[in-house]
Every structure is written in structure tokens, then in C-alpha cells.
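Rule-based calculations on the coordinates, nothing more; no lab input. Model, not experiment: these values are computed from the prediction. Cβ sites come from the backbone with ideal geometry, for glycine too, and all protein chains shown count toward neighbours.
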There are 2 protein chains.
Amino acid sequence: MTTNAADQALRERAMKVVPGGMYGHEATTLLPASYPQFFERGEGAYIWDVDGNRYLDFMCAYGPNLLGYNNGQVNDVAVAQLAKGDTLTGPSAHFVDLAEALVGMVSHADWAMFCKNGTDATTMAMTTARAQTGKRRILVAEGAYHGAAPWCTPMPAGIVPEERAFISKYQYNDVASLEATVAEAGDDLAAIFASPFKHDAFIDQALPDPAYAKRARELCDETGAMLIVDDVRAGFRLIRDCSWELVGVRPDMSCWGKSFANGHPISALLGNDRCREGASHIYVTGSFWFAAVPMAAGVETLRILRESDYLENSVRLGTMWREGLDALAAKHGFALRQTGPVQMPQILFDNDPDYRTGFAWGEAMLKRGVYVHPWHNMFFCAVMTEADIQFALAAADDAFASVRAQIGSIEPHPVVLMFLTAMAGTH
Amino acid sequence: MTTNAADQALRERAMKVVPGGMYGHEATTLLPASYPQFFERGEGAYIWDVDGNRYLDFMCAYGPNLLGYNNGQVNDVAVAQLAKGDTLTGPSAHFVDLAEALVGMVSHADWAMFCKNGTDATTMAMTTARAQTGKRRILVAEGAYHGAAPWCTPMPAGIVPEERAFISKYQYNDVASLEATVAEAGDDLAAIFASPFKHDAFIDQALPDPAYAKRARELCDETGAMLIVDDVRAGFRLIRDCSWELVGVRPDMSCWGKSFANGHPISALLGNDRCREGASHIYVTGSFWFAAVPMAAGVETLRILRESDYLENSVRLGTMWREGLDALAAKHGFALRQTGPVQMPQILFDNDPDYRTGFAWGEAMLKRGVYVHPWHNMFFCAVMTEADIQFALAAADDAFASVRAQIGSIEPHPVVLMFLTAMAGTH
């Protein structure tokens, strides 16, 4: 018997001491009403909410869980390091070990700088590009998420336009749009940002067109600007290298975070020698940026990534999930749009502009012990098994049937409607 | 026999894979040449560098070490929580526990939001103030450090002036300067930032003049602007509340970090109901902001702060250290300027404009097993003892004698000279 009494009690307490009750990407504001806000624990591929309900977790903490929650090898290293020291009056040797490990794995990289948030890494990339080139204009793809600082947060309440001066938008995968935006920048182009693939929320994902990626590289070479791949979300989920190695393009900088210490808090900016000088001049720091525990955990995580078949396993199971879901959807008379790499799937329903069908299916899956997201890309982790996918497919079969039975009487989520209206107003 | 062979080897490796070899506030670029860059471990009040040299650590990791390194009570909680889960697909109940604990301890606060860097908290305060008031102008004291984002980093390489639009400077503790800067803002004032005391690097510290603090409060009340105390560095080291309770002034927001989870990575913005609405509208988030381990560690740290005499112990030992040092300095013919709260001491030498005497004394202290900083405020932690201070005073007696013997032949640090020249050029 599913209950959410503990979750509700925590929500009521949170409403008093947290503005709006919760904030940021883990708030359930834009999720179906039955989705839990608070969790008790995670183990392997599963999470338990505070009411003891277990879910196979296709969100993986929105990315950080790459090897499985509570990975013993990584956490043993972390606990041992914690007893020696975490944040000290200077960095530990693991700082150098981790920088060498990343530079060794990521082909374009000659150097590394560590920080805490993905946003730290993208902001440092922007500032480094300006310091290196002496130019100001930064190009980002329309709709791409590069963090939640004033220059990039997707919902700009409290942001003044000046904080986004010299930020221009182009269309991802559109060479003509990229060229036109570069031309508009004239001789003031500092950098072009690109996501490794188009993984914007609410819409179909798109893999990078090699022609677009190569043209971005050429335009940076022609103008002296820096090419930056924001691999915070997809890093090491597509390849054991920068994701754009898959299209044969090497950026000058790449941004990393979320998963390379399997959930221990650390992010990184990697760069080549073309912008080493600029990177050495910017002043960035943080209270916990030099902490030893996440760096030790990162060294161990990267070793496992190099030595295990985590990636191949995710691709195999992701394919099984995608193909199985397509067959089940068809059986129940639904058409899905499954996009993005199979190991980072986006699952949207066709003819579902206000997401009501997707939300209903999500709730039906949740009830059956599978946590899927109705509008954000999902993630596979290394410890998922065929049995897990079979469990999820059985749940999906039931869930599709349940939604089919309700169809016609499903109401859209009121907050989603407000959000979609607001988003439409900004374009 | 002191050696630094391991440190030197790591520096050489770091120079290849980190721009400039190191960056940020823990880089030794502006410290005496013998100061180690890399550390092996910390225990209680002591740190060991990678060559095995032990130091009584008056930096406390630049603040995060409040209860002593590797505090068993806090770390037992952290390790137990790590096995249950850290970064999951949603926050844990500790999120609410910690928000309630902080709101319970900090008089002005009605709500809390958690983040990772001190800079996250100050940037969220700025954005919340703008979202709440609909106004743009932000006042900060000249020379105050509020983080390393584009709007506030003290060394603005790679920053465009537009990123600092609507940031105005006033003179700390100067009512006339504050009033004039508020007047210049006209009807566009969003917030006044204040450090709890003037703890700028390189100069004497200054406690807040109550007249200045009260006037800042009045000006915010008159204009509808938000008063923000940046307690990231000093939080819980002066009082078990917001630091400006000591001068009877309650801000609308306060920024916290570094120490409230005893070094586990978390920071926070606290606010009152005057700006709850604005805080609920900004979009801020981070990959690890909802992680359970630092929140569990924070709840335990706050419990210890409430139930122990950590603060009174630090004041008692800080007074012993300050008075003892003054006597020893006089004995050796030096005059010190010891400023700031005794538990967050700044120690500068009189007649030492290029810091050469302070640097020489720092090196002499380091050689004798005491890590002091020649231009940044220092920190006491709860587990320091009278025996530790006696050890440090004995070292200081020797160190003063050693510097006295060298006086006249000490050269200034070349990077400090470059830095001071550059700083002079910006004023």
C-alpha cells in the first residue's frame, strides 16, 4: 500500500522555512502530484522515498549517479579520505592526481581546474574565453541550459539585462544560424558554447550534426574564439572522453560535473593550451573547491570508468528499454517520441502538447515502482541489469493500459499549463 | 629536519596540468616561498603537509574548520548518511531539519535556501533583492570580499564592466559615505551588502560601528531595499546567531557557508519574510545542492555549537594569544597591529608596508610548526587548547628573535610587490 504521509508532513514543514517549499531542479513543482519530494536512501539503481516506497530510478539524481548509488569502491575511498582530511588549508595530492587523470582521458585537454557546481565550470569557461581573447561576445544555443548564474539561468527573475550583455543566441545544429550569429559578433567573438547534444527540457533531443560541430570549430579557428562543449550533464555517459570526440571535433574547453566522482560534489573546467594563459589570469575560488574527499572519489571513479564496461552495459540496456517501450506503446495504441542517446533517454508522447498523457503515464509508472521523468532526459547507471529493465517494461505494460483506460478524462497539470504559457510568451 | 621534496614534486606535476600551477584562495602564490602548497591530513587543530611536517593551523582551512578537523561526532553522522545516500533524485529530510535549525538559531531568519559556495549565497542574495524590490542598484563596501563571481571577484580578469552594472561602492563604517551612495541610487536601490566586520585582506580589521549598522538598517527601511549581512567567513565565530546581533541590527538576508557543517560542503542564504516572495521567484540550483551528507553534518554541527562552549573557549584562547604575542613582540622590539575579533585575528607588523617583516615572521613560525598567515585574517577552532597556545607563543618568541637577527637583510616577496603595485593602480 503506497503512502505519502511522511512526504506530506515534510512538505508542510518545508513550506514554513523554505521559500515556496523547495527550489531548483529537484523541486517537484513541475512533476505529477504523486511524485515524492523527499527521499530516504539510494542503493545501486534504486531509491526509497521517505515513506519507504522503492523506485527503480531513471533519473540517477539528474546525472550524478553513474556507477550506482553507494558504490562501495568509491565510497570506501571517500570514507578513508574523510578521516585524513577533506577541506584543509591547502589542496591534497589528489588534486594533481585527478587533474592528470582527466587530462589523460579527455583528448582535447591539457589542463584542469576544479570547482563545485556545473555553473562554476561554465562561468569559468566564459570568463577564461574573455580573458584569453580580450573579446566579449559569447554565443549559446537557444534553449540550451548552461547553469543557473545570472548570465545563464533559464528563468531570469531578479536578473538585470546588463548581466547578459554580449550573450547571443543561435539555433543548435543550424550552420546558417551559427554563421549569421558569428558574423553579427564581428571582431568581438570570445566563445561559442555547445551542448554535446541538444538535451533541452520539454522537447525532443537531437544528436549533434557533424557539419554543425565542425563548422563551429572552423569559425573559432578563423576568429580566434574559444569553442566550449558543456559536458556537465552528458560527460562520460556517451564516451570515455569529451562527448564531441564522437563527431571528431575537439573544443578548446569542456565543462564537467555531476558524475565524474559518482555523486561526490565536484565539477571541473578542462582546457587546452590555446587558453591556458587566460585561465591562469581569472580569479575564481570557493570555500570547498580544494576538498580532498571528492577528488579522491573522482580518481577512483575514473579508474572504474576506464576499467569496466559501464558504458557498453548502459547502451545495451538503453536499447532494450527503448525498443521494449516502443513495442508496448504500440500495443496500447500510443506513439512515443524517444530521442537522445539510449542511455540518456527523453520519452515524450506524440500528440501531447500539454504533457497530460506523459504525466499520467509517469504517475502510473511511479505507482508501479519506476521513477521516470515526463519532460527531462533520463539517465542510466552502471549497475542496472536486464532484470531491472524487464521489471520496468512490465510496469510500463501495466502503466500504458492504465493510461489507456483513463484517456479522455485526464486533466493537464495546472502549473505546467502556467509554465508553458509563460515560456510561449518569451519566444 | 624539515623537507619539502614531496611538495616540490607535486608543484612540478601541477604546473603541467593546472593553469599557473594552482588558483584561488588556497594557492600559495602570495605566501612566503617555504609555505607548503599540498597537505596530507588534518586532525583537531593540526595539519600535516605532504612531507609530513606538522603545523598548528591558525587558518582552519580559511574558515571551514570550526570544531576541529575530523570531528568524530560530525563525521560519524556524515559517514552513516553517506551509506544511505548523498545526492539523490530529491532532497532528504535533513534539508528541512537543517533549515529549521538555522532559522531557530538566527534571529532575523524566517527561511533558508542551501547551496554550495559562499559566492552562491551572496549571488542569490543579490538576485533575491532585485526580484523582491524590482530595483537594480546594489551597494557593497569598498574592498569587501563577497565571492568570486563576475559581479564581485576582486581581480576582474575576463570580466566585462556590464556584469557589474548597478554595483556601487561605499566606505565601510562611514555613515556619510553610505548615505551619499544611497542618495546616488535614487529610487533604484535594491540592497546594501555589509560584512559583519571589516575583514578585508592586507589591512587592519575593523569592528562595525553600531551607528553605521543602524543607519544601514534605517536606509533600507526608508527605501524598501534589502539589508544583507555576508556572514560566510565569520558566521558562528562571533555569536550563535547572525553576527550583527552583536550591534543590535537585524538584516533581511544573511549569507552563510564555510563552517556550519564543519567543513562539509554547504552554504546557505537565510532571509526574513520581507523577501520570501522574491526568493521564491529566482531560479537557482546546482547538481549537489540537495545532497544529504552535508545537511546531516550541518544539523550535528549546529547541535554541538548550541550545546558546547566552543565560542567562549575561542575567545579565551584568542585573548591569550593576542596578549601573549603583544608582550613577545615588545620584548623583541616589534610593534604588532592585532585587529579584528580575537578569535579571527589579523596580525600585521607596524612599519611593514611591503609585508617583508610579516613574511619573514611567518616563515620563522612555519619552521617552528605554527601556520600563520601574513595578510589574511586567521581563525580559531574549538579544539585548540591552552597548551597549543603556549606552544605557539614559544614558537613566536623564537621566531621574533630570528627575524630580529635578520632585520635589515630581509628582501620583500617579488609577487607581493607586483600585487601591491597592481592594487595601488586600481584605487
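Working from the pairwise distances between different alpha carbons, so that the mean of 1/r is found and then inverted, what is the stretch B:200-284's Kirkwood radius in Å?
Values: mean 1/r = 0.0705 Å⁻¹.
Across the stretch B:200-284, the inverse of the average 1/r is 14.2 Å.
Which lysines have a Cα less than 17 Å from the Cα of residue A:116, not counting those fewer than 8 places away in the same chain?
A:258, B:116, B:258
What net charge do the residues around residue A:195 carry, taking every other residue with its C-beta under 10 Å from that of residue A:195, with Lys and Arg at +1 and Asp and Glu at -1?
Values: positive: A:198, A:233; negative: A:200, A:230, A:231.
Net charge around residue A:195: -1.
For chain B, set up a GNM with springs between Cα atoms under 10 Å and report which of B:68, B:158, B:257 has the largest fluctuation.
B:158
Let me have the relative contact order for chain A, percent, based on Cα pairs under 8 Å that are six or more residues apart.
Working: 781 pairs, mean separation 92.1, N = 427.
Relative CO of chain A lands at 22 percent.
Assuming R0 = 51 Å, what is the FRET efficiency of residue B:337 and residue B:188, from their Cβ-Cβ distance, to the nearest 0.05?
Values: r = 39 Å, r/R0 = 0.76.
The formula returns an efficiency of 0.85 here.
Quick one: order B:320, B:378, A:418 by neighbouring beta-carbon count within 10 Å, fewest to most.
Working: B:320 17, B:378 21, A:418 11.
So the residues, fewest neighbours to most, are A:418, B:320, B:378.
If you take the C-alpha gyration tensor of chain B, multiply each eigenvalue by 5 and take the square root, what semi-axes do you get, largest first, in whole Å? Kindly include the intermediate steps, with their values, before the conclusion.
Numbers: eigenvalues 239, 141, 91 Å².
Sorted largest first and rounded, they come to 35, 27, 21 Å.
By counting other Cβ atoms within 10 Å of each Cβ, how are B:79, A:415, B:160 ranked from fewest to most?
Details: B:79 17, A:415 13, B:160 21.
By the 10 Å Cβ count, ascending, the order reads A:415, B:79, B:160.
Please give me the summed charge of the neighbours of residue B:332: other residues whose Cβ is under 15 Å from its Cβ, Lys and Arg +1, Asp and Glu -1.
On the way: positive: B:331, B:368, B:404; negative: B:326, B:350, B:352, B:397, B:398.
So the environment of residue B:332 carries a net charge of -2.
Could you give the spread of the C-alpha atoms of the stretch B:307-411 along their three principal axes, from largest to smallest, in whole angstroms?
Sorted from largest, the Cα extents of the stretch B:307-411 read 51, 23, 20 Å.
Report D for the protein assembly as shown in µm² per second (integer): Stokes-Einstein, Kirkwood Rh on Cα pairs, 4 °C, 1.567 mPa s. Please list the in-between numbers first.
On the way: Rh = 27.7 Å.
Rounded, D is 47 µm²/s.
Can you sort B:218, B:100 so the residue with the fewest Cβ neighbours within 10 Å comes first?
Working: B:218 13, B:100 17.
Lowest count first: B:218, B:100.
Taking chain A as a Gaussian network, Cα atoms linked when under 10 Å apart, which of A:67, A:139, A:417 shows the biggest mean-square fluctuation?
Looking only at A:67, A:139, A:417, the largest GNM fluctuation is found for A:417.
Could you work out the local net charge near residue A:276, counting Lys and Arg as +1, Asp and Glu as -1, over the other residues with Cβ closer than 11 Å to its Cβ? Write out the running numbers ahead of the final one.
Details: positive: A:274, B:16; negative: A:110, A:252, A:273, A:277.
So the environment of residue A:276 carries a net charge of -2.
From the phi angles alone, apply the Karplus equation (6.51, -1.76, 1.60; θ = phi - 60°) to the stretch A:254-261 and give each ³J(HN,Hα) in whole Hz, x where the residue is Gly or Pro.
Per residue, the Karplus-derived 3J(HN,Hα) values read 9, 10, 9, x, 6, 10, 6, 10 Hz.
Using a label position 7 Å from Cα in the Cα→Cβ direction, what is the ascending list of nm distances from residue A:407 to the same site in the other copies?
Values, ascending and in nm: 9.1.
Please report, for the Cα atoms of the stretch A:41-153, the Rg to one decimal and the Dmax as a whole number; what are they, in angstrom?
18.4, 55
If a helix is a whole DSSP H run, which ones in chain A reach 24 Å or further along their own axis (Cα) and hold a mean Kyte-Doolittle hydropathy of at least 0.0? Walk me through the numbers before you get to the answer.
On the way: long enough: A:310-331 (31 Å, -0.21); A:386-406 (30 Å, 0.30).
Result, helices passing both filters: A:386-406.
Would you mind checking the radius of gyration and Dmax of the stretch A:72-307 based on alpha-carbon positions, in Å?
Cα only, the stretch A:72-307: 17.5, 55 Å (Rg, Dmax).
What are the label-to-label distances in nm, one decimal and shortest first, from residue B:222 to the same spot in the other copies, with labels 7 Å along Cα to Cβ?
Label-point distances to the other copies, shortest first: 5.8 nm.
How far is the Cα center of the stretch A:162-179 from the Cα center of the stretch B:144-201, in Å?
If we compute the Cα centre of each part, the gap is 31 Å.
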